[in-house]
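Written out below as structure tokens is the structure these notes cover.
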Amino acid sequence: MYHTVIPVSDDYNPIVVEGSIKTQVLIFNAGPAAIKVQAWDNWKGKQRGGYENSEANYSLELRPGNERIVSGSLIRAAIHKKTFNEESFAAIGVLVIAERI
């Protein structure tokens, strides 16, 4: 069972996890679109009027039906580059596995 189910669309790129400590989550893409998950290891948020670490440490693609364990202090999901006639909506299931890793 997932802790939460989150919609992802062209105009909604949800934050799955945000905090000062790393969290490990399982993300399942229920589809129908492919998604891109980005993760930052050390997210400090806005510092001195800007974001110091704006580039993600890594990103991965999850096609419909895929699931992966992802860890980071900031994890965000977005619709992967879509091709003609592809869906622009997905639902993801998220299960928190561990905090403070």
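Values quoted throughout were computed directly from the atomic coordinates according to the rules given, and no laboratory measurement underlies them. Remember, predicted model here, so these are calculated numbers, not experimental data. Backbone-built Cβ (ideal geometry, glycine too); neighbour counts: all protein chains shown.
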Legend entry - Separation in nanometres of the label points that stand 7 Å from Cα toward Cβ, at Glu61 and Asn42: 3.1
Legend entry - By average C-beta atoms within 10 angstrom, highest first, the peptides 68-76, 3-11, 56-64, 19-27: 68-76, 19-27, 56-64, 3-11
